[in-house]
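The numbers here are math on the coordinates, done by the rules we state, and not lab data. What you see is a predicted model, and the numbers here were worked out from it, not measured in a lab. Glycine also receives a Cβ, built like all others from the backbone with ideal geometry; neighbour counts cover every protein chain displayed.
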Amino acid sequence: MNKYIILIGLCCCCMASCIKDEAPNKECDIESAWIEGAEYEKYFYQTTEMRKEKISSAETDIYFSVRSLISLSKQIPVSFKITDGATIEPANGSMQDFTQGRVVYTVTSEDGEWQRKYNVIFVEPQLPAQKFSFEDVETQTEKTLLGGVNELHVFYERAMTDERNYCWATGNSGSALTKNGSKPEEFPVYSTPDGKTGRGVCLNTQSAGALGEFMKKPIAAGSLFLGKFMVDFVMSDALKATQFGVPNGKEPVRIIGWYKYKPGEKFTDKDMKEYPDRTDEASIYAVYYRNTDDNGESYILDGHAVEDLDKLSDNPQVYKVARVASLPPTDTWTPWEMFFEGRDAPDGLVTAQGFSLALVFSSSKQGAQFEGAIGSTLYVDEVEVLYEK
């Protein structure tokens, strides 16, 4: 039991920012960011996009979605709420030019010993591409509490300004909480040179270790999706950690792509009980949903909403769903296709970026319930979103 208590303590420490557990005068976080003033509203599809609240301590990129970078003023003031006693440079609320790419803000703690750099980026909210070949990947390094360094792969797309758009997310940072000195290929999602064309993505279901087994979350399915992964919620509410979807100003009709899949040998549940008669399955699905509610507040589709895909149509925010019916095991690249079914979205809301597209790949279909087979491996590549009727 003692080793579980130690692991839980270490995990909780990892989830906080590098500063959060220190005395207040050592904190250097941005907690919220906003653009204020009626004269700037014309640059946004929705005024809700002018504020970013409750910024996670794990985030260092802050995005604002605007109608057009071409027509955007070169003098935009962004204001911040930062931790008590900290300072920020450039100055809080100062005019900056975001049309040429990111602006880097440095937050320094009150005692002057700690700093964090944040990238504030203005983007046109539509997907930077409609075909995803997964050629663009970077290796991110993270120090661990045990003194090692984890290396993780992070996927991105190129925006029109050649900025890196990190529209893809994985659960790798959650898995990193129980790893030390691991390489990208030791995580549930990583880039592989053996794609259908060029590079591709490998997703594999892994053991979550002693801590995961103790917390009744014994496996970590490989998951890649359009959206964000909020590591702060991993221990308290794992389903809330996955926040699906990016704004898309077109209404999709179908999605195609290529895959390979091999299920693991032993299917287990959250208690690690084996089921010899069950075989793991991969999952590919997409959701087109309204990203504001009836009160004009932002809405994000999270893991709770997609826990039961058969009930997604009961969600008033969801307009269309697409699912690949079956992904039989295959060791050769095989095409797949899925069609959106549901109600048509209002044209005015679509063009106003009022809808988001969630596209999800998982090596274990029941991974959100921590059921599956360790070793299940899904490869994906050359994915394309199509809009013709």
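Amide H to amide H distances under 5 Å link Phe122 with Phe64, where only residues 5 or more positions off or on other chains count and H is placed in the peptide plane. A cut-off of 5 Å between modelled amide H atoms, ignoring neighbours fewer than 5 places along the same chain, links Trp114 with Ser109. Computed from the C-beta positions of Ser73 and Asp310, the FRET efficiency with R₀ = 51 Å rounds to 0.60.
A simple rule links phi to the HN-Hα coupling: the Karplus curve 6.51 cos²θ - 1.76 cosθ + 1.60 with θ = phi - 60°, which for region 184-198 gives x, 5, 9, 9, x, 9, 8, 7, 10, x, 9, x, 4, 9, x Hz, with x for Gly and Pro. As an equivalent ellipsoid, region 140-185 spans semi-axes of 26, 10, 8 angstrom, where each value is the square root of five times an eigenvalue of the C-alpha gyration tensor, largest first.
Across region 131-386, Cα-Cα pairs farther apart than 35 Å form 12% of the total. The phi torsions of region 83-98, fed into the Karplus equation with coefficients 6.51, -1.76 and 1.60 and a -60° offset, translate into couplings of 5, 3, x, 7, 10, 9, 9, x, 4, 4, x, 6, 6, 9, 9, 9 Hz, rounded to whole numbers, with Gly and Pro shown as x. Positive end of the dipole of the chain (Cβ unit charges, origin at the Cα centre): among Ser283, Ser182, Leu145, the Cα lying farthest that way belongs to Ser283. For the Cα trace of region 23-123, dividing Rg by the Kirkwood Rh returns an Rg/Rh value of 0.98. For the chain, the antiparallel share of DSSP beta bridges with both residues in that region comes to about 95%. Computed about the Cα centre, the dipole magnitude for region 23-123 is approximately 420 debye when only Lys and Arg (+1) and Asp and Glu (-1) carry charge, each at its Cβ. For region 305-389, a simple Cβ point-charge model (Lys and Arg +1, Asp and Glu -1, everything else neutral) yields a dipole of about 160 debye relative to the Cα centre. Taking 19 Å as the cut-off for C-alpha to C-alpha distance, list the pairs among Lys273/Lys365; Lys54/Lys216; Lys216/Lys266; Lys42/Lys74; Lys131/Lys311 that go past it. Too far apart for the 19 Å limit: Lys54/Lys216; Lys131/Lys311. For region 296-305, 3J(HN,Hα) computed residue by residue from phi via the Karplus equation (6.51, -1.76, 1.60; θ = phi - 60°) reads x, 8, 4, 10, 10, 6, 10, x, 5, 5 Hz, glycine and proline entered as x.
In the chain, the calculated helix contribution to ellipticity at 222 nm averages -2000 deg cm²/dmol per residue, counting -39,500 (n - 2.57) for every DSSP H run with n ≥ 4.
Relative protection proxy for 278-289, 332-343, 108-119, from highest mean packing down: 278-289, 108-119, 332-343 (other beta-carbon atoms within 10 angstrom).
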